[in-house]
Amino acid sequence: MGQALGGFGATIAAAYSWQSTFHWFGIIGVAYAALLMVFLKEQRSASPALEDKQPMFKGFRALVTLLPFWIIWLYFSIPSIPGWAIKNWLPTLFSGSPDVPMSEAGPIATITIAVSSFIGVITGGIMSDRWVQRNVKGRVYTSAIGLSLTVPALFLLGIGHSTAYLVASAFCFGFGFGMFDANNMPILCQFVAPRHRATAYGLMNMGGVFSGAIITDLLGKSTDAGHLGRDFALMSVVILAAVCMLLVFLRPKTTDCLT
């Protein structure tokens, strides 16, 4: 929902300025954080689980020596390349279509991705929860299917021109990415014990953001050179490699790792 509403930032910026748009969107975020601090309460167990306290960096050392974690980390980071590319540059790609100004391209792009991702999250979650009851690799397979859907979507986004064509391709990408996104934490839980999961997911998010920063800069240069569509299509090759890596190397032994 936030991504969809964020797309109207381009519409607001067209009427006012990018500076004021960023300021007001930031103020809304700060106000929302204040509300969460006041009203979001954590329900703690009356008798918390008895666990030995560990040194701060022991969990980190346990993660970096766990080979499946690095496979998951790469698998999470690599799809962040097109994920951030879509968030940051899809409106620009849409605005390259005939008769689509940026004030309209922003909402079209972000609403399409947000709606399709929402459907993909629900679909991927239900499919994964049912599949893993019959096969311990059910979550891995569901995630791979979702990410595979983004491969043709990226390719078609890169070579498409009409608005309807781009919207259909973006919808396919968002649906597949939603299926992938819904299963990242559940897959992590199959390899990492509860006491280390926050650290693990923090590292995964860090890798994803770093990947997004790199691709955002590269696609900015690609836009200046007039190759944005071509480079969108080339990202499909990177995603295909990530899917192959997941299926070959990630082999969970349990539906939930508790130790």
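For segment 111-154, which residues satisfy the criterion of being modelled with pLDDT under 90, open to solvent by 30 Å² or more (accessible area, probe 1.4 Å) and out of contact with any Gly (no Cβ under 8 Å at 6 or more places or on another chain)? Scanning segment 111-154 gives a single hit, Pro152. Read through the list (1) surrounded by 19 or more Cβ atoms within 10 Å (Cβ to Cβ); (2) at pLDDT below 85, then give the number of the only condition that Ile239 fails. Unmet condition: (2).
Within segment 155-183, restricting attention to residues that are within 17 Å of the chain's Cα centre (by Cα) and open to solvent by 60 Å² or more (accessible area, probe 1.4 Å), the residue that is farthest from Gly229 (Cα to Cα) is Asp181.
The set of residues from segment 211-221 being of a type outside the set (A, V, I, L, M) and either surrounded by 13 or more Cβ atoms within 10 Å (Cβ to Cβ) or at pLDDT 90 or above (or both) comprises Ser211, Gly212, Thr216, Gly220. Within segment 185-196, not a single residue is open to solvent by less than 20 Å² (accessible area, probe 1.4 Å) and within 14 Å of the chain's Cα centre (by Cα).
Answer with yes or no whether Phe249 is open to solvent by 30 Å² or more (accessible area, probe 1.4 Å) and either modelled with pLDDT under 90 or small (Gly, Ala, Ser) (or both). The answer is yes for Phe249. Considering only residues in segment 88-104 that are in a helix (DSSP H, G or I) and farther than 13 Å from Gly9 by Cα, the one that is modelled with the highest pLDDT turns out to be Leu90.
Residue pairs whose Cβ atoms lie under 9 Å apart, sitting 6 or more positions apart in sequence or on different chains, and linking a residue in segment 14-27 that is more than 19 Å from Pro91 (Cα to Cα) and of a type in the set (Gly, Ala, Ser) to a partner that is assigned to a helix (DSSP H, G or I) and modelled with pLDDT under 90, are Ser20/Ile12; Ser20/Ala13. Test each condition in (1) over 18 Å from Trp70 (Cβ atoms); (2) of a type in the set (Phe, Trp, Tyr); (3) at pLDDT 85 or above for Tyr165 and report the one that comes out false. For Tyr165, the exception is condition (3). Considering segment 109-227, the qualifying helices (runs of 4 or more DSSP H), each wholly inside and each with 2 or more residues that are in contact with an Asp or Glu (Cβ under 9 Å, 6 or more places away or on another chain) and within 24 Å of Gly9 (Cα to Cα), run over 197-225.
How about segment 167-215: which of its residues are over 25 Å from Ile113 (Cα atoms) and among the charged types (D, E, K, R)? Scanning segment 167-215 gives Arg195, Arg197. Would you check if Thr199 is among the β-branched types (Val, Ile, Thr), closer than 17 Å to Trp70 by Cβ and open to solvent by 30 Å² or more (accessible area, probe 1.4 Å)? So Thr199 passes the test. Of the candidates Arg230, Arg251, the single residue that is assigned to a helix (DSSP H, G or I) and more than 15 Å from the chain's Cα centre (by Cα) is Arg230.
The values are calculated or read from the model by the stated rules, or taken from the named source; none is laboratory data. Bear in mind the structure is a predicted one, so any value in this text is a computation, not a measurement. Positions of Cβ are generated from backbone atoms using ideal geometry, with glycine treated the same way; all protein chains shown enter the neighbour counts. Remember, those area values only see protein heavy atoms, side chains included, never the ligands or the DNA or RNA. Shrake-Rupley method; radii C 1.70, N 1.55, O 1.52, S 1.80 Å.
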